[in-house]
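A short write-up of the structure that comes next.
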Amino acid sequence: MPLLEVDDLEAAFLFADRTVRAVNGVSFAVEAGEIVGLIGESGSGKSVTVQSILRLLPSPGRIVRGAIRLNGVNLLDLSREQMRQVRGRRIAMVVQDALAALNPVIPIGEQIADVFLAHTQVKRQTAWEKAVGMLRRVGISAAEERARHYAHEFSGGMQQRTVIAAALACTPELIIADEPTTALDVTVQQQILALLQQARSELGSAILYISHDLAVVTHLCDRILIMYAGEIVEQGPTRTLFRSPKHPYTQGLLASIPSLHGDVQEYLPAIPGLPPNAAALPTGCRFAARCTFVQERCRAHHPELVSVGSHHAVRCILYEATTP
Ligand SMILES: Nc1ncnc2c1ncn2[C@@H]1O[C@H](COP(=O)(O)OP(=O)(O)OP(=O)(O)O)[C@@H](O)[C@H]1O
Ligand code: SF4
Ligand SMILES: [Mg+2]
């Protein structure tokens, strides 16, 4: 049984005059200890997927259909209190804006100690010592002294390390990281990714890593899901996806990554055009307006996600069987 199973998830924002169909029929699984990347450009539905998993969709957002199972239990059936326990203990969240995630008026060490106090039977002094140990573990030097500092006294990288320390304090089975490195410079980004990898190897936590940047996840993820306009358009093991991308959108994303091995680190232009409006989605393939391989059929027919190899699937008519 997978650790997390998202099954045919449909999430939408129901306004009086329009429905924003943010996530449409998304299904995927994350195995225990696995690192899965969810990649797509802005507005593709990555955060809404995550907010649905955690049942934190802002109003007027609704999960219209589907199931979200953690070790086989549908999270949509849990009470608010049960769900709060899941969020605190079993699934930890690391967001882009670390400063906003931290409490500005409580010292850093105390915030992490509070996690230990909430989830384990320890005394305050022990919780504090564990918190200092946690800060040390995520690479914060002079941890004992820094534990007494406040969030605004930390650099962006240190703030994100602190958020990760707090996330790891409850030894979660799953860490969901939504663009955790976007605000950081490249060197710090690499350090944060290394930290997440360490969390997997030391704690065995699975990670669902959200990013708009395919290049960032190359070395981190075992498997990648490519999202476009609320749907998964391609999924497969990282290596397969990089060696043999099938969907024209994935091919475009890969072409816009600077050469990974070459000397010239130059970004090629991204895919021209814009994704469709989630309140007025086209009938056929949602990528049709930007696709260089578009055919007449693409505009009328909505492609299914079809298997094209071991654990590799793609949503494009070029790979759908043409004859029954
Ligand atoms: N609170 C909201 N109210 C209305 N529409 C929303 C809300 N949040 C998201 N949406 C819409 O849902 C769709 C998916 O948005 P989502 O935030 O999941 O994108 P994303 O892939 O996380 O993008 P980004 O890379 O910019 O974070 C978009 O069309 C967006 O406009
Ligand atoms: S279905 Fe057609 S438009 Fe869509 S990605 Fe495939 S070829 Fe392009
Ligand atoms: Mg987002």
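Taking 29 Å as the straight-line reach from the Cα of residue 246, the lysines in range (excluding those fewer than 8 positions away in the same chain) are 46. Here the Kirkwood formula puts the hydrodynamic radius of region 1-96 at 14.0 Å, using every distinct Cα pair.
Secondary structure note: in region 130-250, about 55% of the DSSP beta bridges are antiparallel. Were the residues from residue 219 through residue 64 laid out at 0.36 nm apart, the gain over their Cα-Cα distance would be 52.3 nm.
Across region 286-300, rounded Karplus estimates of 3J(HN,Hα) from the backbone phi angles (6.51 cos²θ - 1.76 cosθ + 1.60, θ = phi - 60°) give 6, 9, 3, 5, 10, 8, 6, 9, 4, 10, 3, 4, 4, 7, 9 Hz, Gly and Pro being marked x.
The gain in end-to-end length when the residue 304 to residue 8 segment is fully stretched comes to 105.3 nm, 0.36 nm per residue minus the alpha carbon separation.
Counting only DSSP beta bridges with both residues in the chain, the antiparallel share comes to about 60 percent.
Measuring r between the beta carbons of residue 80 and residue 103 and using R0 = 25 Å, the FRET efficiency lands at 0.70. Taking the Cα centre as origin and putting +1 on Lys and Arg beta-carbons and -1 on Asp and Glu beta-carbons, what dipole magnitude results for region 1-110, to the nearest 20 debye? So the dipole magnitude of region 1-110 works out to roughly 300 debye. Against the chain, whose longest principal axis is taken from its Cα atoms, helix 186-203 shows a tilt of about 80°. Relative intensity of region 165-253 on a log10 scale, I(q)/I(0) at q = 0.15, 0.19 Å⁻¹, equals -0.61, -0.93, per a Debye sum over C-alpha point scatterers of equal strength in the absence of solvent. One Cα centroid belongs to region 278-324, the other to region 60-131; the line between them spans 39 Å. The spacing between region 209-259 and region 150-180, judged by their C-alpha centroids, is 25 Å. For region 145-193, the Cα-based Rg and Dmax, in that order, read 11.5, 31 Å.
Here's the picture: charge each Lys and Arg Cβ at +1 and each Asp and Glu Cβ at -1 in the chain, and of 22, 159, 282 the one pushed furthest to the positive end of that dipole is 22.
In plain terms, the chain from residue 256 to residue 42 could stretch by 75.5 nm, reckoned as 0.36 nm per residue minus the Cα-Cα distance. Normalised by 2.2 N^0.38 Å, where N is the number of residues, the alpha-carbon radius of gyration of region 42-200 equals 1.08. The angle between the Cα long axis of helix 124-137 and the main principal axis of the chain comes to about 50°, on a 0 to 90 degree scale.
In terms of surrounding Cβ atoms within a 10 Å radius of their Cβ, 316, 170 rank from fewest to most as 170, 316. Peptide packing: for 297-303, 100-106, 116-122, 90-96, the average count of neighbouring Cβ atoms within 10 Å per residue gives the ranking 90-96, 297-303, 116-122, 100-106, highest mean first.
For the chain, the longest principal axis of the C-alpha atoms and the axis of helix 108-119 are separated by about 80°.
Below 8 Å, C-alpha to C-alpha, sequence gap of six or more: please give me the relative contact order for the chain in percent.
20 percent
Three principal axis extents of the chain based on alpha-carbon atoms, in descending order, are 69, 53, 38 Å.
None of the figures in this text is laboratory data; all of them are computed from the coordinates on show. In this text, all values refer to a predicted model and were calculated from it rather than measured experimentally. Because the Cβ atoms are built from the backbone with ideal geometry, glycine has one as well, and the counts that use them run over all protein chains shown.
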